[in-house]
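Just below is one structure, and these are the notes that go with it.
The values are calculated or read from the model by the stated rules, or taken from the named source; none is laboratory data. Please read these numbers as outputs of a predicted model, since none were measured by experiment. Heads up, the Cβs are rebuilt from the backbone with ideal geometry, glycines too, and the neighbour counts pull from every protein chain shown.
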Number of protein chains: 2
Amino acid sequence: MSFQERKKKIVSAVNAAGSLSVFELSEKLSMSPATIRRDLNDISEEGLLIRTHGGAMKMDNPVLTSFADKSGANENNKETIGKMAADFVQDGDIIFLDCGSTVFKMCRHIKNRNGLKVITNSLPVLAELFDAPGISINLIGGEIDKQRRAVHGERAVQHIDQYQANKAFIGVDGISAEKGLTAHSEVEAMITSAFVRNADEILLLCDSSKIGKDSYFRFGSLALIHKLITDKDLGNQTTAALKEKGLDIVKG
Amino acid sequence: MSFQERKKKIVSAVNAAGSLSVFELSEKLSMSPATIRRDLNDISEEGLLIRTHGGAMKMDNPVLTSFADKSGANENNKETIGKMAADFVQDGDIIFLDCGSTVFKMCRHIKNRNGLKVITNSLPVLAELFDAPGISINLIGGEIDKQRRAVHGERAVQHIDQYQANKAFIGVDGISAEKGLTAHSEVEAMITSAFVRNADEILLLCDSSKIGKDSYFRFGSLALIHKLITDKDLGNQTTAALKEKGLDIVKG
DNA sequence: TTAAATTTGATCAAAAATAATCAAAAACGA
DNA sequence: TCGTTTTTGATTATTTTTGATCAAATTTAA
């Protein structure tokens, strides 16, 4: 086994277990502790996990968590939300798809639609739908945001403003009855706002962990949202508070 | 078994297995380890798999591999042209990169530049340069052309017209002293024309098989081109005819 | 706090893999 | 056909990787 392979195995083993000791890894991979230490140092240098005394633990910086990483937080709920959201997509629709992991989950479930037109700024969405014969894709142009694997910027907003869609499937970083919709960053909020302003129906995909939380940039009120698609873990009290605000809630 | 055949077999074997050692491959294909090593190095140079100590493993950029370029005819010449063209790219440049396999070959050789700004409509180019820390990418928006793995259309042309670059690296489907530049399709010609009109210096990458040939859509004269980068197989007579037309020819 | 136990980084030698070199074999072109 | 070029496999020197050892650093326990 080459050290490149070993490194991959170590990363996924540590990600799966949360944390592992040098000794556990050395046993699991039948390698000497010295080698494991060297590997761990290399890997942590690359920023893929956190070195601890005696071993390593998983790095959970939400920004770096790639979409391919199946071990992300709230995986099951996001999957369920994605599936439910896909039910609102019909043949012939013109839809905006935002970047973000929950919206990405939808894609797998809409690949068999026909005559669908997807307008997106998300590279994972592009990659996922690229092979679908019944779907034509309009890619939003502009600066590539490597961290978010998406296109952002003024140019991208201009692009979106030239189109009109039936439905927009969007994600946010926080939502609450008091502050409305919030995002981690202004650039992302600009894009989402553009989607909202150019679509007939706005569907917000948001797992329960983000509901009731506020992120730092406020960019819109709840009144903009036609449907909130979320998971079963959303408390009844919060649900009631949001329904009070006139939100149509779809709960997994 | 030819080198090309073997190469294909190695790539698919490694992709199927995830990873294979030099010895496993040498047994499977009945070739000496020395040959397998040579092959592996060539293949990993082309970026189709990752060379490891002791073997190779499959390359999986989870989001963007689907756009990886499939290698076709005239491989070696295109590779050489790409390498030469890369020499004309300097740190800090703003460049247009056209879609097409020869231009794509450049990418691997410019990954280590710093402060480079790349404006492109090619998905393979995007995938290849995505990881390069010194390069920022501006993706041209518009309709995705799945067959060419690129963005085309009126919207894309508008996008390009908003920018000005130092250099444009373009490809064509045909070039001759009589008819000038020709393309397979009008959509592609529109994009290339837009690149030409918005860049200070135009560098045409074109292997000798396309020189002297005409494709069906004429879209520009040779006078637009500042440098023609081609391979060693270009006949002396043709070379002379093109030089007559004022072309600066760089020959591998 | 000090003392004991554990973990680490550095160093080194052995083992494994590689690159470089060269001659034989095969493919190619005139 | 013959001479040239390309490809292949064997040999050898070099480089990389690994595991062991041990002193220094860190953590734990008393």
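Within the stretch A:135-151, the set of residues being more than 9 Å from chain B (Cβ to nearest Cβ) and modelled with pLDDT of 95 or more comprises A:ILE135 only. The residue of the stretch A:29-50 that is modelled with the lowest pLDDT, among those that are in contact with a Leu (Cβ under 9 Å, 6 or more places away or on another chain) and within 13 Å of DNA strand D (Cβ to nearest atom), is A:ILE43. Among the residues making up the stretch A:105-123, none is more than 24 Å from B:GLU154 (Cα to Cα) and facing chain B (nearest Cβ under 10 Å).
I need a count of the residues in the stretch A:24-60 that are of a type in the set (Lys, Arg) and within 14 Å of another protein chain (Cβ to nearest Cβ). The qualifying residues number 1. Test A:LEU25 against the stated conditions and say whether it is within 12 Å of DNA strand C (Cβ to nearest atom), over 13 Å from A:PHE3 (Cα atoms) and crowded, with 16+ Cβ neighbours inside 10 Å. Here the answer is yes, as A:LEU25 does meet what is asked. Within the set B:SER2, B:SER21, the sole residue that is within 15 Å of DNA strand D (Cβ to nearest atom), modelled with pLDDT under 90 and either more than 14 Å from chain A (Cβ to nearest Cβ) or more than 26 Å from B:THR230 (Cβ to Cβ) (or both) turns out to be B:SER2. Just for the stretch A:96-117: of the residues that are assigned to a loop (DSSP other than H, G, I, E, B) and small (Gly, Ala, Ser), which one is nearest to the chain's Cα centre (by Cα)? That would be A:GLY100.
Hey, does the stretch A:137-147 have a residue that's free of Cβ contacts under 8 Å to residues at least 60 places away in the same chain, under 17 Å from A:CYS107 (Cα atoms) and not aliphatic (A, V, I, L, M)? Yes, the stretch A:137-147 contains at least one residue that is free of Cβ contacts under 8 Å to residues at least 60 places away in the same chain, under 17 Å from A:CYS107 (Cα atoms) and not aliphatic (A, V, I, L, M).
Look at (1) touching a strand residue (DSSP E or B) at 6+ places or on another chain (Cβ under 7 Å); (2) crowded, with 21+ Cβ neighbours inside 10 Å and you find that B:ILE160 fails only one, number (1).
In the stretch A:118-140, what residues are assigned to a loop (DSSP other than H, G, I, E, B) and either aliphatic (A, V, I, L, M) or surrounded by fewer than 24 Cβ atoms within 10 Å (Cβ to Cβ) (or both)? Of everything in the stretch A:118-140, those that are assigned to a loop (DSSP other than H, G, I, E, B) and either aliphatic (A, V, I, L, M) or surrounded by fewer than 24 Cβ atoms within 10 Å (Cβ to Cβ) (or both) turn out to be A:PHE130, A:ASP131, A:ALA132, A:PRO133, A:GLY134, A:ILE140.
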